[in-house]
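All remarks here apply to the structure that follows.
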Amino acid sequence: MSKRADLGKKLTDYLMLYPNEDVTINTMIQFLNTYPDCFERQNLKGHFTGSAWVIDDTRSWILMTHHRQLDLWVQPGGHADGNENLLEVAIDETKEETGLTQLKVISEEIFDLDIHEVPQYKNIPKHFHYDIRFLLETNRNPNDIKISKESFDVAWIHKSAVLQKNNDSSIKRMLNKISQ
């Protein structure tokens, strides 16, 4: 099965688990099936991205990055740049943005997803990120973190304080999913 077909199956499986997210999921499926270049940032309508909700083994701490361009605390992740394996994208981006190398994949299934508009930045017009998120785990050792040039900061945030950093509905949704 191609990675594109695999993503379509994962989106359909996710729909079975979270039917209340049907509008977003169906929009993603349609985007996947309509745009051959949906994994390329050159698609200025939007493109798929891969990100990771990184937890420690107690599920009490979340690894977040204070994104330089967006000036928001978010989960690590980024552009696919043609890679149709979004789990691989999420892992690579997490390593690049946090310096962590020992990441355990909790599941290869989609943990969460979100479509969000990215504001215009320099000569790149506003567009949408079709973000596929995976759940990863690692040891919580603040000394292992390295801050990349894409971030102001990277930190372990206790789940009770995450919404003080970013109270977006998708962040709330991911917090709720790990608390179930």
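Any read-out appearing in this document is the output of simple, stated calculations on the displayed coordinates, not a laboratory observation. Quick caveat: nothing in here was measured; it's all calculated off a predicted structure. Note: ideal-geometry Cβ built from the backbone for every residue, glycine included; neighbour counts use all protein chains shown.
Separation of the range 99-158 and the range 28-63 by C-alpha centroid, Å?
Between the Cα centres of the range 99-158 and the range 28-63 lies a distance of 10 Å.
Tell me the mean residue ellipticity at 222 nm calculated for the chain from its helices only (DSSP H runs of n ≥ 4, each -39500 (n - 2.57), averaged over every residue, nearest 500).
Roughly -9500 deg cm²/dmol at 222 nm, from the helical runs in the chain.
Rounded to the nearest 20 Debye, what is the dipole magnitude of the chain about its Cα centre when Lys and Arg each give +1 and Asp and Glu each give -1 at the C-beta?
Values: 21 positive and 27 negative charges, 65 e Å.
With only Lys, Arg, Asp and Glu charged at Cβ, the dipole is about 320 debye.
Students often get this wrong, so check it: of 10/104; 104/149; 95/149; 45/146; 126/165, which have C-alpha atoms separated by over 22 Å?
Checking Cα-Cα distances, 104/149; 45/146; 126/165 exceed 22 Å.
In what order do 39, 31, 152 fall by count of nearby beta-carbon atoms within 10 Å, going from fewest to most? Write out the running numbers ahead of the final one.
Numbers: 39 25, 31 18, 152 11.
The fewest-first ordering by Cβ neighbours comes to 152, 31, 39.
Counting alpha carbon pairs within less than 8 Å and at least 6 residues apart, what relative contact order, in whole percent, applies to the range 102-180?
Normalised by residue count, the contact order of the range 102-180 is 26 percent.
Sequence neighbours fewer than 8 away in the same chain don't count; with that in mind, list the aspartates and glutamates whose C-alpha is under 14 Å from residue 9.
84, 108, 109
Translational diffusion coefficient, Stokes-Einstein: compute it for the range 69-180 using the Kirkwood radius over C-alpha pairs as Rh, at 4 °C and 1.567 mPa s, and state it as an integer in µm² s⁻¹.
85 µm²/s
Could you work out the relative contact order of the chain, using alpha carbon pairs under 8 angstrom and six or more residues apart, expressed as a whole percent?
Reported as a whole number, the value is 25 percent.
Arranged by the count of other C-beta atoms within 10 angstrom, fewest first, what order do 73, 61, 53 take?
Fewest to most other Cβ atoms nearby, the residues stand as 61, 73, 53.
Identify which of 94, 12, 58 has the largest mean-square fluctuation in a Gaussian network model of the chain, with springs joining Cα atoms closer than 10 Å.
The residue that fluctuates most here is 58.
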